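A short worksheet on the structure shown next.
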Amino acid sequence: MRATFLLGSLCLLSTLPGCRFVKTGSVTATQASGAQDPKARVDALWTPKLLAYAKAKAAPYPELAAQLAKSPNDAIKAHGYHGGDASAKPVLFAQIDGTVVDVETTSRAGTLGVDVDGDGKPDVTIQIGPVIRGSALRDGLDFISFSSFSNQIDFADFSKALNAHVRDVVLKDLPRDQLKGRRISILGAFFADPANPVPLVTPITITLPEKTP
């Protein structure tokens with residue numbers, strides 16, 4: 001009541017043009033929602049929630065690809081997530097083990113081509129940045145939705161923070177100039193897109209087995 005009375009007094013009892021009352025509760029809620037920046041939010045949930053969720057959802061890529069071709073809805077239900085928005089694309093999680101057959105670092109949106117089935121051709125494309133594109137990580141989480149944020153900008157900033165974590169933490173020590181021909185293991189997320197048989201994967205973890213002598 002005191003805050004409302006003070007606001008009314010400052011506005012000269014609403015007689016001045018441009019004066020508008022705002023509910024005290026609304027101000028408090030807005031302040032609270034902005035208390036944690038996107039990076040802090042990502043840092044807090046990455047290991048206990050996002051990583052655990054991705055591991056639980058992921059299937060070996062060859063199995064996932066076969067299931068996706070046979071029964072897309074079942075594959076998405078078991079190994080991914082499709083948000084309530086009709087325009088949203090479903091996201092899948094996969095464990096990818098294979099050999100790096102292509103390395104693209106001339107672009108800032110660098111990628112790896114990984115051969116999973118041993119035919120020497122890339123079956124998946126892994127983003128290695130520094131520019132990480134898309135919102136697969138954000139859109140693949142069933143515990144995150146637009147309603148978790150105060151506006152579209154905050155929702156977009158959260159996706160950018162997830163991609164920044166991939167760039168700054170997951171990919172920090174990746175030896176980009178020593179990858180071709182090496183075995184690699186990736187836990188990652190990608191949009192299910194029938195038009196693209198070689199999915200663009202955002203990595204959540206990357207492991208390089210020790211080189212054999």
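Assorted remarks:
- Test result for PRO90, within 30 Å of LYS180 (Cα to Cα) and out of contact with any Leu (no Cβ under 6 Å at 6 or more places or on another chain): no
- In the stretch 103-213, counting only strands (runs of 3 or more DSSP E) that sit wholly within it, the ones holding 2 or more residues that are within 21 Å of the chain's Cα centre (by Cα) and farther than 17 Å from LEU64 by Cβ span 109-115, 124-130, 200-207.
- No other residue among ILE132, ILE153, ILE144 is on the phi < 0 side of the Ramachandran plot, assigned by TED's automatic domain parsing to the domain that holds TRP46, surrounded by 13 or more Cβ atoms within 10 Å (Cβ to Cβ) and at pLDDT 95 or above apart from ILE132.
- The single condition from (1) out of contact with any Lys or Arg (no Cβ under 7 Å at 6 or more places or on another chain); (2) more than 30 Å from GLY118 (Cβ to Cβ) that SER159 fails is (1).
- Filter pass, ALA94 being modelled with pLDDT of 95 or more, more than 18 Å from ASP173 (Cβ to Cβ), in the same structural domain as ALA66 (by TED's automatic domain parsing) and in contact with a helix residue (DSSP H, G or I) (Cβ under 6 Å, 6 or more places away or on another chain): yes
- Subset of the stretch 37-81 [under 18 Å from the mean Cα position of the chain (by Cα) and modelled with pLDDT under 95]: ASP37
- Filtered residue count, the stretch 117-141, keeping only those that are closer than 17 Å to THR202 by Cβ and either touching an Asp or Glu at 6+ places or on another chain (Cβ under 6 Å) or not aliphatic (A, V, I, L, M) (or both): 12
- Here LEU141 meets the list (1) without any contact (Cβ under 8 Å) to a residue 40 or more places away in the chain; (2) touching a Lys or Arg at 6+ places or on another chain (Cβ under 9 Å) almost entirely, failing just condition (1).
- Among the residues of the stretch 78-89, those that are touching a strand residue (DSSP E or B) at 6+ places or on another chain (Cβ under 8 Å) and surrounded by 15 or more Cβ atoms within 10 Å (Cβ to Cβ) comprise HIS79, GLY80, TYR81, HIS82, LYS89.
- Inspection of the stretch 69-77 finds no residue satisfying the criterion of being surrounded by 15 or more Cβ atoms within 10 Å (Cβ to Cβ) and not in a helix (DSSP H, G or I).
- Condition check for ASP168: surrounded by fewer than 16 Cβ atoms within 10 Å (Cβ to Cβ) and either within 20 Å of TRP46 (Cβ to Cβ) or among the small types (Gly, Ala, Ser) (or both): yes
The values are calculated or read from the model by the stated rules, or taken from the named source; none is laboratory data. Keep in mind that what you see is a predicted model, and the values were worked out from it rather than measured. Please note: Cβ atoms are built from the backbone with ideal geometry, for glycine as well, and neighbour counts cover all protein chains shown.
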